[in-house]
Amino acid sequence: MNKIVSKEYLSAKVVKLEVEAPLIARSRKAGHFVIVRVGEKGERMPLTIAEADTRKGTITLVVQEVGLSSTKLCNLEVGDEVTDIVGPLGQATHIENFGTVICAGGGVGVAPMLPIVQALKAAGNRVVTVLAGRTKELVILEKEMRESSDEVIIMTDDGSYGQKGLVTDGIEYIIQREKVNKCFAIGPAIMMKFVCLLTKKYAIPTEVSLNTIMVDGTGMCGACRITVGGKTKFVCVDGPEFDGHQVDFDEMLKRMGAFKDIEREEIHKLEHEEGAHSILALEDRNAPWREELRKAMKPKERTAIPRVKMKELDPEYRSHTRLEEVNQGLSSEQAVVEAKRCLDCANPSCMTGCPVGINIPSFIKNIERGEFLEAARVLKETSALPAVCGRVCPQEKQCESKCIHLKMGHEAVAIGYLERFAADYERESGHISVPDVADKNGIKVAVVGSGPAGLSFAGDMAKNGYEVTVFEALHEIGGVLKYGIPEFRLPNKIVDVEIENLVKLGVKFVKDCIIGKTVSVEDLKEDGFKGIFVASGAGLPNFMNIPGENSINIMSSNEYLTRVNLMDAANPESDTPVAFGKRVAVIGGGNTAMDSVRTAKRLGAEKAMIIYRRSEEEMPARIEEVKHAKEEGVEFLTLHNPIEYIADEQGRVKQVVLQKMTLGEPDASGRRSPVPIPGATETLDIDLAIVSVGVSPNPIVPHSIKGLELGRKGTIAVNEDMESSIPMIFAGGDIVRGGATVILAMGDGRRAAAAMHKKLMKVD
C-alpha cells in the first residue's frame, strides 16, 4: 500500500512526504515522476520523485500547497494512506559529463532537481547550483544540495537570505564568471521561461522539466500537450524534460490557467471547511502577499486608473419593471481593476467613515489578488449584511467621502461597488463561509425587530456564543429591508441569503410577535433572557398637518412601500390593494421619497414628481438615487412645498397647492432653511400623493417598558454604549435616532453587542 511513513514541513506550505511504494522506488531514475490521487473523487496529480530508498521501499515527494489536490495531500499525516500512486512515469534525465553545469531550482522545483544534481556530480560534472525563493523560508533542501554540488548560490526576492535578486541574476553572475556548458532549470513555468530567455542569449543548452495539466499521465488523454520546436509533444511520455529554448512557454502558461477559476473556488471550499487560513492572515497589512501587491504598482499608476462604471439596466426598460435590479454589479475583471486603485494606506481614513468598522483595505486587496471569497470573509467579520450595505449604504457620504483619492483630486475608490461584488460573488459561488463562532455560553439574549440594527446585533452576539432570538412583528424577517426598500434597489433574495447566514450562526427568528403586546419585556426576563436589544424601528410616519391631507389617495411612504414591497399589492394575484396613480406627487427629498416615486413610475404613473422644499443640493437622498430617478423620467420640483390638498366630491385628492420657496440662512443641520416667497403659489393636478417627510418612533415597545427613559420625540434614551435607563436593555437604530441609514443602524447594533457582551461576561 501507499502509507505515509514520514512527514516534514520544509516551510509553512511545503511538505516533504516519504511514502511506501517499493516497486516505484526500485524502478525510479532521476527525472521520473508519479501520478498521485487523494480520495476516491480526487484529481490525478503529477509529482516528480525527489528521492527513492530501495532498501526501505519508499519514495520522497515534496509538495507545495497551491491547489485543492496538493492541499489535500499535504493534509495527510503519518500513517495515512495515499489513495493511488502510479509510476515511475516519463523519460529519465539524460546524464553525461557535460563539463560545468548550472542547476537552477526555484521553490519546490528544488526537490526534483536534487536527484539530477546528484547524478550530474556522479558523472564527473562541475555542478553550480542556484537555489531561489521569495524569502528565506521558501529556500528548501539547502543542506542536501551543498552535499552534492561544487558550489551553491542562494537568491531571495526580498534579500532575507543569500543574495537579493531573482534566479536569473544568480545564473548570469555564474555565466559572466566562467564558461558554462549546460543548464538545467526546474521551477515555476514563468521562472523557467525567463531562465531560457537568458541562456539562449548566451547560447547555453538548457533543459527544463515541465509539469503541465495531466489527467491520465500515461499518454492516453493528451491533456499535457505542449508545443516544442513547432511540434506537439506530450509531457507524460515525451518528457517531462525538454529543450527549454524550443518550448512555447506562453502557450503552456495559458493552458495551465485553463481551470484557474474553478480551482480557486474549490480550494476555498476546502479552506472554509477546514479553517485553513485565519482571518488575521487575510487582514494583515504586513503579510508578504499584501506587500507584494503594494510593490506591484506605483501610487501614481493606481491613481491614474479611472473609477469603474457599473452597468445599469436601460432607463426606459427598467422604469416599467419593479422586480429587476437597476445596478447590475461588476464583473470580476472590473472589480480587480477597481481594487488596484486602492493605495492600501497605512492609516486608512476610509475606515473612520464606516459605522461598522469594516477592514476596507483588507477586503479590497483580497479582491485585487483575485481572492474574492476571502474578501467576503473579511467583510463578514464585521458586517452581518455586506450584500445589503453594498447596495443601499450612502458610501459617498461615509467611507468613500474619506478616501485619500479625493484629496488628490481623483474620484474615490468605489468601495460600495466592491463590497457588493465580493458578497455577490460568494453567494453565487455557493461556497458561503460562516464566521468563527465562540463556544456556546448558555446565555439567552433577545432582539426586538429584525431590521438592520437588530440583525447586526444578533450576528455579533451569536459569534460571541450567545443564544440569540429575534422577535419580529411582521410576517417577514428583514424589517425595513423588506417593507421599505424596493426590489429594483435591493432584491428580497439578497436579504434572505443574509438572514440565512445568521441562521447558520445559530440565530433563531420568531415572526408575528409584537413585543409589548404578544409578549412583554417582563415575559422575556421570566423566560431567562439576560439581555434585550430594542431595534423596533421608527415606523410611525410624519405628516405635514395641512388642509386636505387626510383625503383619499394621500398616504405615507411607509404605507405605500409596505403595500407594494411587503404585500406585493401590484401583483394582480395579491389580495392587498394599492392606488395606481397617473399623476403622482411624492413629498420629500430622501431615499425613501426616491424609492416611492420610482415605484410609482413602475406602477404606471404618467407623471411622477418629487416635490421638495429645498434645492437639489440640500437633498438628503443619495446622488445615485437622484440620478436614477431623473433617468427614469421623474420630474423634480425643488423649492416647492405643499400647503393644501384639494379633493373631489368623493373625497379623492385631485390637486395640490404648492408654495414656492427660496433659501435663507443655514439651519442646525447646516442646510439652508427654506423661506416662503410671499404670494407665489402653484396648483398641480394629481391623483395620488405620497408623503415622505420623516418618521417618528413607534410607541408600542417604548411605552410598554415601565420606567424606560424616553427622548424628547419619543425615542429611547441611551448612553454611549447604547444602554437604556434600565440595565441590560439596550437599543439602537431608528428607535434611538428617529431616523437612520442602514449602516448607521448596523453600527448601533455592533456597539450595543460589544457593550452587552462586556457586561454579561462580568455578571456571569
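The values are calculated or read from the model by the stated rules, or taken from the named source; none is laboratory data. Not measured: the values here are computed from a predicted model. Here the Cβ is made from the backbone with ideal geometry for all residues, glycine too, and neighbour counts use every protein chain on show.
Only one of these is surrounded by fewer than 18 Cβ atoms within 10 Å (Cβ to Cβ) and more than 45 Å from the chain's Cα centre (by Cα): 39, 124. Name it. So that I can check it myself, show each step before the final result.
Details: 39 fails: more than 45 Å from the chain's Cα centre (by Cα).
124 is the lone residue from the list that is surrounded by fewer than 18 Cβ atoms within 10 Å (Cβ to Cβ) and more than 45 Å from the chain's Cα centre (by Cα).
Applying the selection to the stretch 37-55, what residues are touching a residue at least 12 places away in the same chain (Cβ under 8 Å), basic (Lys, Arg) and over 11 Å from residue 73 (Cα atoms)?
Residues of the stretch 37-55 that are touching a residue at least 12 places away in the same chain (Cβ under 8 Å), as a first pass: 37-40, 42-54.
Still in the running and basic (Lys, Arg): 37, 44.
The one that is touching a residue at least 12 places away in the same chain (Cβ under 8 Å), basic (Lys, Arg) and over 11 Å from residue 73 (Cα atoms): 44.
Filter the stretch 92-133 down to the residues that are modelled with pLDDT under 90, in contact with a strand residue (DSSP E or B) (Cβ under 7 Å, 6 or more places away or on another chain) and assigned to a loop (DSSP other than H, G, I, E, B) and list them by number.
Correct list: 93 only.
Which of the residues spanning the stretch 293-310 are without any contact (Cβ under 8 Å) to a residue 40 or more places away in the chain and surrounded by 12 or more Cβ atoms within 10 Å (Cβ to Cβ)? Write out each step before concluding.
First, the residues of the stretch 293-310 that are without any contact (Cβ under 8 Å) to a residue 40 or more places away in the chain: 295-296, 298, 300-301, 304-305, 309.
Across the stretch 293-310, the qualifying residues are 296, 305.
Taking the stretch 411-464 on its own, how many of its residues are more than 24 Å from the chain's Cα centre (by Cα) and in a loop (DSSP other than H, G, I, E, B)?
Looking only at the stretch 411-464, we keep the residues that are more than 24 Å from the chain's Cα centre (by Cα), and these are 439-449.
The next check asks that each one be in a loop (DSSP other than H, G, I, E, B); those that pass are 439-443, 449.
Adding up the residues that qualify gives 6.
Does residue 173 satisfy the criteria of being assigned to a loop (DSSP other than H, G, I, E, B) and assigned by TED's automatic domain parsing to the domain that holds residue 241? Break it down stepwise before answering.
Working: assigned to a loop (DSSP other than H, G, I, E, B): no; assigned by TED's automatic domain parsing to the domain that holds residue 241: yes.
Here the answer is no, as residue 173 does not meet what is asked.
Would you be able to say whether some residue in the stretch 702-718 is in contact with a strand residue (DSSP E or B) (Cβ under 8 Å, 6 or more places away or on another chain) and closer than 30 Å to residue 637 by Cβ?
Scanning the stretch 702-718, I find at least one residue that is in contact with a strand residue (DSSP E or B) (Cβ under 8 Å, 6 or more places away or on another chain) and closer than 30 Å to residue 637 by Cβ, so the answer is yes.
Restricting attention to the stretch 454-477, and to residues there that are over 16 Å from residue 390 (Cα atoms) and among the small types (Gly, Ala, Ser), which single residue is surrounded by the fewest Cβ atoms within 10 Å (Cβ to Cβ)?
Among them, the one singled out is 465.
Please state which one of 356, 326 is modelled with pLDDT under 95, closer than 24 Å to residue 453 by Cβ, not assigned by TED's automatic domain parsing to the domain that holds residue 633 and not small (Gly, Ala, Ser). Show your work before the answer.
Details: 326 fails: closer than 24 Å to residue 453 by Cβ.
Just a single option satisfies the conditions, and that option is 356.
Would you mind stating whether residue 195 is among the β-branched types (Val, Ile, Thr), modelled with pLDDT of 80 or more and in a strand (DSSP E or B)? Steps first, answer last, please.
Working: among the β-branched types (Val, Ile, Thr): yes; modelled with pLDDT of 80 or more: yes; in a strand (DSSP E or B): no.
In short, no.
Among the strands (runs of 3 or more DSSP E) confined wholly to the stretch 661-764, which include 3 or more residues that are buried (at least 22 other Cβ atoms within 10 Å of the Cβ), within 34 Å of the chain's Cα centre (by Cα) and in contact (Cβ under 8 Å) with a residue 24 or more places away in the chain? Break it down into steps so the answer makes sense when it comes.
Numbers: elements: 672-685, 688-691, 695-697, 729-731.
By residue number, 729-731.
Out of the stretch 326-380, which residues are among the small types (Gly, Ala, Ser) and not in a helix (DSSP H, G or I)? Before the answer, list the steps.
First pass over the stretch 326-380, keeping only residues among the small types (Gly, Ala, Ser): 329, 331-332, 335, 339, 346, 349, 353, 357, 362, 370, 375-376.
329, 331, 346, 357, 370 - these are the residues of the stretch 326-380 that are among the small types (Gly, Ala, Ser) and not in a helix (DSSP H, G or I).
Which numbered condition trips up residue 153, out of (1) at pLDDT 90 or above; (2) under 21 Å from residue 30 (Cβ atoms)?
It is condition (2) that residue 153 fails.
Which is touching a residue at least 60 places away in the same chain (Cβ under 8 Å) and either assigned by TED's automatic domain parsing to the domain that holds residue 112 or not polar (S, T, N, Q) (or both), of 151, 137? Step through it out loud before you land on a result.
On the way: 151 fails: touching a residue at least 60 places away in the same chain (Cβ under 8 Å).
The unique qualifying residue is 137.
Residues being of a type in the set (Val, Ile, Thr) and more than 22 Å from residue 541 (Cα to Cα): count how many of those fall in the stretch 575-625.
Summing the residues that are of a type in the set (Val, Ile, Thr) and more than 22 Å from residue 541 (Cα to Cα) in the stretch 575-625 gives 1.
Which ones in the stretch 645-660 are surrounded by fewer than 16 Cβ atoms within 10 Å (Cβ to Cβ) and touching a residue at least 40 places away in the same chain (Cβ under 8 Å)?
Step one: filter the stretch 645-660 for residues surrounded by fewer than 16 Cβ atoms within 10 Å (Cβ to Cβ), giving 646, 648-652.
If the condition is that a residue be surrounded by fewer than 16 Cβ atoms within 10 Å (Cβ to Cβ) and touching a residue at least 40 places away in the same chain (Cβ under 8 Å), then 646, 650, 651, 652 are the ones that fit.
Answer yes or no: is there a residue in the stretch 518-530 that is among the basic types (Lys, Arg), over 32 Å from the mean Cα position of the chain (by Cα), part of a loop (DSSP other than H, G, I, E, B) and surrounded by fewer than 20 Cβ atoms within 10 Å (Cβ to Cβ).
no
Taking the residues in the stretch 92-120 that are in contact with an Asp or Glu (Cβ under 7 Å, 6 or more places away or on another chain) and over 21 Å from residue 13 (Cα atoms) as candidates, determine which candidate is surrounded by the fewest Cβ atoms within 10 Å (Cβ to Cβ).
As a first pass, look at the stretch 92-120 and keep what is in contact with an Asp or Glu (Cβ under 7 Å, 6 or more places away or on another chain): 93, 100, 114-115.
Now narrow it down to the ones that are over 21 Å from residue 13 (Cα atoms): 93, 100, 115.
Numbers: 93: 20, 100: 18, 115: 23.
Per the stated criteria, the residue is 100.
To keep it simple, each residue is scored yes or no on (1) out of contact with any His (no Cβ under 9 Å at 6 or more places or on another chain); (2) of a type in the set (Val, Ile, Thr); (3) crowded, with 19+ Cβ neighbours inside 10 Å; (4) in the same structural domain as residue 487 (by TED's automatic domain parsing).
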| site | (1), (2), (3), (4) |
| --- | --- |
| 549 | yes, no, no, no |
| 554 | yes, yes, yes, no |
| 561 | yes, no, yes, no |
| 575 | yes, no, no, no |
| 578 | yes, yes, yes, no |
| 585 | yes, no, yes, no |
